[in-house]
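Presented below is the structure to which this report refers.
Laboratory data are not the source of any read-out in this text; all were calculated from the coordinates shown. Note that this is a predicted model, so its numbers are computed, not measured. Methodologically, a virtual Cβ is constructed for each residue, glycine included, from the backbone with ideal geometry; neighbour enumeration extends over all protein chains shown.
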Ligand code: PMP
């Protein structure tokens, strides 16, 4: 009999290194089949901002199923769809003076990105899209064509077209990337077509927790307006409060034309994706983009309940405070282990420790796993240990996780 790992394709990724079968999760903790407890600083790659099995979300979903709620209905109107849309407008869009049409593009983040690329091309009649070094936007061919990671692109087998990759803000130090972008856009004689859109993550999650500065975001927004290029913010990982505000771009005071949301928008870790489109660009004909599993009704129930976290400013404030605790913890580790040649990255509860001698990041994560902390690497060379704890974590949980990491580094450095 093959082990369950052998039954799966070789495409299964990093979690192969976690030789464990998990059974239960609550809040920021999960347990394996032997009852061993782990602190989860991974949170389903940012899909569990409200933690595992939040009481309120769980209760509403059980109630819905027990009441024989509609689970699948394609585009038909349902109470869960109606309530979600109304609550999203009331709780998230209206208080931020944002006016977007909400599209359900398919179940996951990459579906949202695909739909954003399609509508930008349709609206502008142009085909190229500018993305940035180390960007990650998903694994389907359109999203992959704006994903600047050669290993991931290699999975598509052949070169991908229709995208141009530019240096991302802070990632390339000492370079004025805005001047570079400007020159590129102004040189209409270069033979390079004016793009339909610029797509960016305000904090690159998979690309190594590279956080764009607010000034840079503002300038990119200005360039887009000047050249009539659509700005797409991919908030699949950085959104839903991960960086401290519901949308990661709020502190930059920009208003992107299209916003991609997924991961934590489902509340309970169920697949749900949204594409937010400025009304003037919502130029789809009915059915021009469709798919069977767009807008799952059980996910709407979880998603609506999760929006309760955003009814006041308290949640946002708490994320920022916990972000400070995490940042201080990381900076202390940086100082304590100068031999790592490390530095801090990120904002809110989306942070990382970039390690100069990055051959040890995998060893540190493996050691941390044995000690009961789930933490993952990111960046083109896996040089960053990335921290994405559920946003509901308390100070104790953060400190326990940091202490495990400290012990793990000490052990690995010997
Ligand atoms: N965009 C970003 C910024 C992401 O981090 C991800 C997932 N890591 C995606 C898009 C793709 O989302 P999904 O895996 O749900 O298709």
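Determine the gain in length on full extension of the stretch residue 79-residue 363; use 0.36 nm per residue of separation and subtract their C-alpha separation, reporting nm with one decimal.
Numbers: separation 284, 0.36 × 284 = 102.24 nm, distance 4.89 nm.
Length difference between fully extended and current span is 97.4 nm.
Counting pairs of alpha carbon atoms under 8 Å apart in space and at least six apart in sequence, what relative contact order in percent does the chain give?
Computed over the chain, the figure is 23 percent.
Per-residue counts of other Cβ atoms within 10 Å, averaged by peptide: what ranking do you get for 127-135, 179-187, highest first? Don't jump to the answer; show the numbers that get you there.
Details: 127-135: 21.9, 179-187: 13.9.
Sorting 127-135, 179-187 by mean packing, highest first, produces 127-135, 179-187.
Specify the inter-centroid distance of segment 63-100 and segment 263-329, based on alpha-carbon positions, in whole Å.
If we compute the Cα centre of each part, the gap is 11 Å.
If each of residue 15 and residue 99 carries a label point 7 Å out from its Cα toward its Cβ, how far apart are those two points in nm?
4.3
Of the listed peptides 107-120, 250-263, what is their order by residue-averaged count of other C-beta atoms within 10 Å, with the highest listed first? Walk me through the numbers on the way to the answer.
Details: 107-120: 25.7, 250-263: 22.7.
Packing order, densest peptide first, comes out as 107-120, 250-263.
Starting from the Cα of residue 36, step 7 Å along the direction of its Cβ; do the same at residue 413; then give the gap between the two resulting points in nm.
Roughly 2.5 nm, to one decimal.
Can you pull the semi-axes for segment 57-310, root of five times each eigenvalue of the Cα gyration tensor, sorted largest first, whole Å?
On the way: eigenvalues 205, 71, 58 Å².
In descending order the semi-axes read 32, 19, 17 Å.
State, to one decimal in nm, how far the label point of residue 72 lies from the label point of residue 122, with both points 7 Å from Cα in the Cβ direction.
2.5
Once the piece of chain linking residue 312 and residue 293 is laid out straight, how much longer is it, given 0.36 nm per residue of separation minus the C-alpha distance between them? Walk me through the intermediate numbers first.
Numbers: separation 19, 0.36 × 19 = 6.84 nm, distance 3.17 nm.
So the chain would gain 3.7 nm between residue 312 and residue 293.
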